[in-house]
Amino acid sequence: MAELNPFIFRAYDVRGKVGGDIRPDVFEPIGRAFATLVRRRGGHAVTLGMDNPLSSPPLKGALLAGVLAAGVGRGGLGVKH
């Protein structure tokens, strides 16, 4: 599992240097954790977005993989992206 820097987490987003703290192998477990939290709180769907840098698509893909691995987006649960 990727080593997570706890200082990347803010109240409203994740911040850090792309390629250092912000990498796809870090975002996949974040996606799993987030989707697990959503499901435990009774949620059934998430919406994923991204900004314009070229680094965004692989990060979004890794987050999506984690969300799907945790069961959101399968069996009638939705993911919009």
Subject >> C-alpha long axis of helix 24-40 to longest principal axis of the chain, angle in ° >> reply: 30 degrees
Subject >> Nearest-ten-degree value, helix 56-69 long axis tilted from longest Cα axis of the chain >> reply: 40 degrees
Original post:
When all alpha-carbon pairs of the range 1-44 are counted, what percent fall beyond 18 Å?
Top reply: 31 percent
Original post:
Hey, if you put +1 on the Cβ of every Lys and Arg and -1 on every Asp and Glu Cβ in the chain, which of Pro57, Val67, Phe9 ends up farthest toward the positive end of that dipole?
Top reply: Val67
Subject >> Assigned charges on the beta-carbon of Lys, Arg, Asp, Glu; the chain dipole about Cα centre (debye) >> reply: 320 debye
Subject >> Accessible area (Å², per residue) of the range 1-72, counting only protein heavy atoms and a probe of 1.4 Å >> reply: 66 Å²
**OP:** For volume of the Cα convex hull per residue in Å³, several values are listed as (i) 110; (ii) 93; (iii) 130; flag the one computed from this structure.
**Re:** (ii)
Original post:
Summing -39500 (n - 2.57) over the DSSP H runs of n ≥ 4 in the chain and dividing by its residue number, what mean residue ellipticity at 222 nm do you reach, to the nearest 500 deg cm²/dmol?
Top reply: -12500 deg cm²/dmol
Subject >> His44 versus Arg10: modelled label distance in nm, points set 7 Å from Cα along the beta carbon direction >> reply: 3.3 nm
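The values are calculated or read from the model by the stated rules, or taken from the named source; none is laboratory data. This structure is a prediction, so every number in the text was calculated from the model and none was measured. All Cβ positions, glycine included, derive from the backbone under ideal geometry; neighbour counts span all protein chains shown. Keep in mind that these areas ignore ligands, DNA and RNA; they rest on the heavy atoms of the full protein, side chains included. Shrake-Rupley method; radii C 1.70, N 1.55, O 1.52, S 1.80 Å.
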